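The values are calculated or read from the model by the stated rules, or taken from the named source; none is laboratory data. Quantities reported herein were computed from a predicted structural model and do not represent experimental measurements. Counting neighbours? That spans all protein chains shown, and the Cβs are built from the backbone with ideal geometry, glycine included. Side chains are part of the model used for accessible areas, which takes the heavy atoms of the whole protein and leaves out ligands, DNA and RNA. Shrake-Rupley method; radii C 1.70, N 1.55, O 1.52, S 1.80 Å.
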Amino acid sequence: MASPDEESPAPTEPERWRDLDMLLSRPGNLVDANFDPSPGLRDTLGSLVEVLVVGAGGLGCELLKDLALSGFKNLHVIDMDTIDVSNLNRQFLFRVQDVGKSKAEVAAERVMERVSGVNIVPHFCRIEDKEIDFYSQFSIIVLGLDSIEARSYINSVACGFLEYDSDDKPIPETLKPMVDGGTEGFKGHARVIVPGSTPCFECNIWLFPPQVKFPLCTLAETPRTAAHCIEYAHLIKWNEVHPGKHFDADDAEHMQWIYSEALKRAELFGISGVTYSFTQGVVKNIIPAIASTNAIVSAACALEALKLISGCSKTVSNYLTYNGLDGTHINVSEFVRDKDCLVCGPGTLIELDTSSTLSEFIKMLEEHPKLLMSRASVTHEGENLYMQSPEVLEQMTRPNLGVPMFELLKGAARATVHVTGMAENNGKKVSSLRKLRVAFKGVEKNSKMDTTESF
Amino acid sequence: MAAAAAAFAEPKTKYDRQLRIWGDQGQAALEKADICLLTCGPTGTEAMKNLVLGGVGSVTIVDGCLGQSRAKSVCSFLQELNDAVNAKFVEESPLALIDTNPPFFSQFTVVIATQLPERSLLKLDSICREANIVLVAARSYGLTGLVRISVKEHTVIESKPDHFLDDLRLHNPWTELKQFAKSTDISDKDPVVHKHIPYIIILVRLAEKWADAHDGHLPSTRQEKKEFKDLIREHMLNLDEENYKEAVESSYKVSVTPGISDDIRQIIDDSSTEVSSSSSDFWVLVAALKEFIANEVNGELPLEGTIPDMTSLTEYYVSLQKIYQAKAESDCLALEHHVKKILKRIDRDPDSISRAYIKAFCKNARKLRVCRYRSIEEEFGSPLLSEVQKYFTDEDYCFAMNFYVLLRAVDRLAANYNRFPGIFDSEIDEDVPRLKTAAVSVMSEMGLNGASLSEDLITEMCRFGGAEIHPVAAFIGGVASQEVIKLVTKQFVPLPGIFIFNGIDQKSQVLVL
């Protein structure tokens, strides 16, 4: 047996793509109605389609590799995180030397080194930091995230692009499909979201119940488990001892303090099971993760992305769950849309008087029982009507606050506006994007000033 | 700066996210495992990537693709992922190795065979069975593929099921638990104490009260269970007492059927419990368990010894914990006694099975699993016909059964034509009837004359042309690696049959043939 010492050249280009080209160049009976097989299909898709991968972690690394090897040539990846040692057991694009660097940047570079002809643009920032317009360039968005809030945000952005015609039918050109994956230990899910036809993330938000928190009185009065002792140190004792000092879960000294306080409390009450590792797990809400489940779920997502874009086969309809704890169980559920969904529906209808000003409109959003949105910024067809931040934009748009909406929307009887602000989601106030339909009372539908269709 | 600090990654930190799943013991088993991969195409490489990242002991890549020495380059890519793994390669055709050097395989823990034709797989399976090596076979083919496990027997103590009823013995409390419950005043007038009496105590006390009023019987009919809940509610001081709400929700636990489950009964009645000096530790313990149950008045298994969190004063909860732990320890000691007796009887050192192992066995006694796999030869020669027929007519399994037959048929055709159907665009039309003929012969050998195959899938198989599509390979390789992890760590439960991937609508299934 030999050991590896020097690297051999990568496979030649035609050889690498021969297998995929068979699938894309041949007609079939179990394909999408729009499938147009040809020997050049891979090249066409590769050059025309831009894909956004959200997250460059356990799923993101796999997704970038799988998508690049599925013929996609123009990829973007966005992730605000830097590489940590504990990522290395599954995020295979990263090495020990990369610890501390941007996940998006390293991941993009590694895949480009290995797969020639692929261009990956990394974005080392928060998803909310990007202008909404940034997301409009992509044909498909693939999500490899571990947070409900981030999924919810991207979902609202993608659904926000969706426009409905006068019969409330989705306009195909405005569709931005998503493929979403998620894992926890030996379990995972992969789903396809086609806004307007499948349920969106928000339609089935109940699939992701909020995390159960311990009652504070249990922590303070009747602790019983190691987790109770840890959360006492974390949520109560820290603030008592360090008033005003922000707790940082990534600071080893802070974590050590929580651990020793938790241990003291556990000893006091005769409770066992407090370890440093368990303390980290509870405080950071660590979700166990392994390479194989991430590989499986990402592969399912990448395959669905390839099928959605090329039409070379059917697509999953619409929610796959994987469970490898006892055997290998795959289940596909067809969920249905929530027809009253605030996010993927035609938009909540807000009726205004022609005299209502923008500032009155913003106030209405705060009080609207379905929206309860505070600090709203308002845009219409890409134009900022009012922006809460940054300061420059706030100053620029402030004069609009006193102007009637009817005037700002150029005398249209009905219009679609996008608002972003803080809204209640799963019991938490989070940054949210909502699409609203504004209608003006007493104005006829065809009274638009620049009526092109009237005569 | 951060990079310099982490130039050497502590295994504890590096593997943190997986240690939370399989613990130090699972990790140690992985680090001891020697894995052999046959054929390092996309499917095999993907499987190995996941295992190398997880830190298996060693990997050996066997591949005969000489063009640019695929074995060597894949090996070096894998090595780059984790320097704690010993990565080696053998530049030889797996088919030739199977034919000429069967002893080669006996050095490994697991052999992962990817993209092997039926004939070689059959031969490899008999080699691995002979040497008692676990075989995992994986195949990607267009938008389908399969993963299968072959080993005579795989036993699991830590099956770690997702949802499992806790072991509280409320239907059959032992003396110490009854005494503790009796010593607690469940009608304490202090409202704070009253709402912090753990539901275990409430249920033990009220079940006794119920039994006293019902000739010693516990609630069993729907009506009785309802009345028992009402009895619990009568003891509430306020409607918002969480402990009483928990007692109502858990009231069914007093009505649990005593004794052992059918699954465990089957294991205990297995002929392997007639142990000899060559029996595995697992079966020695099951034999001891059998004696333990026979000696127990109520025929119960050893107590697990843990309780879930519940509304309670700290002192009540900690006392209860101790009572459960003490009972579990005494059960464990009793079992250990049987183990030693048996070991002596079969001429083995009575101390040759560690206490830690016996303890883990006791803790998981309700969750033991025995997985046995038919050999590939048995499956091919005498498939479970009733299962096959059921799969063919079941809407959910029909596609998977078709794929199974077609995956075997493509190998037949390849054996005759030296290529897979549909490799050449120009011959696809002729290959469709050829593949159909091959599939019909596979089916008639299985004893299926009359079941009809989906024409669409036959055409689809020819369209695939044996392609190894990357995301499919990543999926199949992912499943294969996950099964290897379960087999090596002896935790969780491996696939019971053949996993058939369906990349068309993703409705993949497991067939047991």
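Beta-bridge orientation, the protein assembly as shown: approximately 55 percent antiparallel, per DSSP, counting only bridges with both partners inside. Note on B:LYS209: lysines with a C-alpha under 29 Å away, same-chain residues under 8 apart excluded, are B:LYS178, B:LYS182, B:LYS189, B:LYS195, B:LYS225, B:LYS226, B:LYS229, B:LYS245, B:LYS253, B:LYS322, B:LYS327. Using a 1.4 Å probe over protein heavy atoms, the accessible area lost on pairing B with A, summed over both chains, comes to approximately 7200 Å². Annotation: per residue accessible area for chain B equals 42 Å², rounded to a whole number [probe 1.4 Å, protein chains only].
The Stokes-Einstein estimate for the stretch B:69-208, based on a Kirkwood radius over Cα pairs and taken at 20 °C with 1.002 mPa s viscosity, is a diffusion coefficient of 102 µm²/s.
Computed over the protein assembly as shown, the alpha-carbon pair-distance distribution with 20 angstrom bins reads 12, 37, 36, 14, 1, 0, each value a whole percent.
When a 1.4 Å probe is rolled over the protein heavy atoms, the share of accessible surface on the stretch B:339-439 that falls to carbon and sulfur comes to 50 percent. Across all Cα pairs in the stretch B:81-158, the calculated P(r) in 5 Å bins from zero up to the longest distance comes to 3, 13, 23, 22, 18, 13, 7, 1 percent per bin. For the stretch B:262-372, the average shadow cast by the Cα convex hull is 8.0 nm², which is a quarter of the hull's surface. Within the shell defined by Cβ-Cβ distances under 15 Å, the residues around B:THR114 carry a net charge of -4, with Lys and Arg each +1 and Asp and Glu each -1.
Which of rounded, prolate, oblate describes the stretch B:175-255, given a ≥ b ≥ c as roots of the alpha-carbon gyration tensor eigenvalues and a/c under 1.5 marking rounded, otherwise prolate only if a/b is larger than b/c?
Note, shape of the stretch B:175-255 comes out oblate.
Other residues with beta-carbon under 12 Å from the beta-carbon of A:MET80 carry, at +1 per Lys or Arg and -1 per Asp or Glu, a net charge of -2. Computed from the alpha carbon positions, the gyration tensor of the stretch A:348-440 leads to an equivalent ellipsoid with semi-axes of 20, 16, 11 Å, biggest first. Here the mean projected area of the convex hull built on the C-alpha positions of chain B is 31.9 nm².
Shielding of peptide A:21-27 by partners, expressed as the average count of other chain Cβ atoms within 10 Å per residue Cβ, is 5. Dipole magnitude for the stretch B:384-464: about 300 debye, using +1 per Lys or Arg Cβ and -1 per Asp or Glu Cβ, origin at the Cα centre.
Normalised per residue, the accessible area of chain A is 45 Å², obtained with a 1.4 Å probe and no contribution from ligands, DNA or RNA.
Which of the residue pairs A:LYS370/A:LYS441; B:LYS49/B:LYS290; A:LYS428/B:LYS367; A:LYS187/B:LYS436; A:LYS187/B:LYS340; A:LYS213/A:LYS307 have a Cα-Cα distance greater than 31 Å in the structure shown? Long pairs (Cα-Cα over 31 Å): B:LYS49/B:LYS290; A:LYS428/B:LYS367; A:LYS187/B:LYS436; A:LYS187/B:LYS340; A:LYS213/A:LYS307. Considering every alpha-carbon pair of the stretch A:106-191, the percent of pairs per 10 Å bin, from zero through the bin containing the longest distance, is 14, 37, 35, 12, 2. Provide the net charge surrounding A:LEU145, with neighbours chosen by a C-beta distance below 10 Å and charges set as Lys +1, Arg +1, Asp -1, Glu -1. It works out to a net charge of -3. With the alpha-carbon atoms of the stretch A:216-284 aligned to their principal axes, the span from lowest to highest coordinate is 29, 23, 16 Å, starting with the largest.
Solvent-accessible area of chain A (1.4 angstrom probe, protein heavy atoms only): carbon and sulfur portion equals 51 percent. Qualifying trypsin sites (Lys or Arg not before Pro) in the stretch A:325-426, where qualification requires a DSSP coil assignment and no more than 13 other C-beta atoms within 10 Å, comprise A:LYS339, A:LYS370, A:LYS410.
Rg/Rh for the stretch B:389-513 stands at 1.00; both radii use Cα atoms, and Rh follows the Kirkwood definition. Looking at chain A, the pairs of alpha carbons with a distance over 27 Å make up 63% of the total.
With 14 Å as the cut-off, how large is the P(r) tail for the stretch A:326-389, expressed as percent of Cα-Cα pairs?
Summing the P(r) tail past 14 Å for the stretch A:326-389 gives 72 percent.
Here the 3J(HN,Hα) profile of the stretch A:187-196, calculated from phi with Karplus coefficients 6.51, -1.76 and 1.60 at θ = phi - 60°, is 10, x, 9, 9, 9, 10, 10, 10, x, x Hz, Gly and Pro shown as x.
Loop-located GluC sites (Glu not before Pro) across the stretch A:379-410 with a Cβ neighbour count of 14 or fewer within 10 Å are A:GLU381, with loop assigned by DSSP. Restricting the stretch A:218-291 to trypsin sites (Lys or Arg not before Pro) that sit in a DSSP loop and have at most 10 other Cβ atoms within 10 Å of their own Cβ leaves A:LYS245. Candidates B:ASN243, B:PHE361, A:HIS234 compared by Cα position along the dipole of the protein assembly as shown: farthest toward the positive end lies B:PHE361, with charges placed on Cβ.
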